[in-house]
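J.: Below: one structure in structure tokens.
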Amino acid sequence: MHSHPIPIDHLTEAELVDLNHRVVTRLRFLHEMKLHARMLDFSVGEKVSFQPDGHPVLFATIVKYNRKTVTLITDGGQQWNVAPVFLRKLTDMGSAADQASVPATALSKV
């Protein structure tokens with residue numbers, strides 16, 4: 001990190017717009033790298049749990065990696081696409097009460 005601010009007062013509007021575009025692109029890349037790293041914490045075939053809003057804790061098997069989510073098949077046969085941040089390895093699970101509720105927008109039932 002820089003200890004002092006990057007001078008931008010001399011930049012033109014076009015240069016500021018270009019800089020903004022490059023900053024946003026870089027932030028998106030860093031975010032995707034974090035998601036990818038979190039996804040690699042899990043393996044296809046691994047058993048996990050997750051808790052969508054309004055549902056009890058569900059247990060599932062990872063069947064596929066997607067760009068931002070993994071595809072799961074629950075023990076009941078339902079297919080879900082879930083961001084890896086909301087998954088728990090069964091060894092990490094503890095009690096169901098320890099599992100935080102997940103916003104419905106973060107999960108999608110396929």
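J.: Apply 1/(1 + (r/R0)^6) to the Cβ-Cβ distance of ARG26 and GLN78, taking R0 = 25 Å, and write down the FRET efficiency to the nearest 0.05.
T.: 0.10
J.: On the accessible surface of segment 1-84, probed at 1.4 Å, how many percent belong to carbon and sulfur atoms?
T.: That share works out to 60 percent.
The values are calculated or read from the model by the stated rules, or taken from the named source; none is laboratory data. What you are looking at is a predicted structure, and each value in this text was computed from that prediction instead of being measured. Cβ coordinates were reconstructed from backbone atoms using ideal geometry, including for glycine residues, and neighbour counts include every protein chain displayed. These area figures cover heavy atoms from the full protein model, side chains too; ligands, DNA and RNA do not enter into them. Shrake-Rupley method; radii C 1.70, N 1.55, O 1.52, S 1.80 Å.
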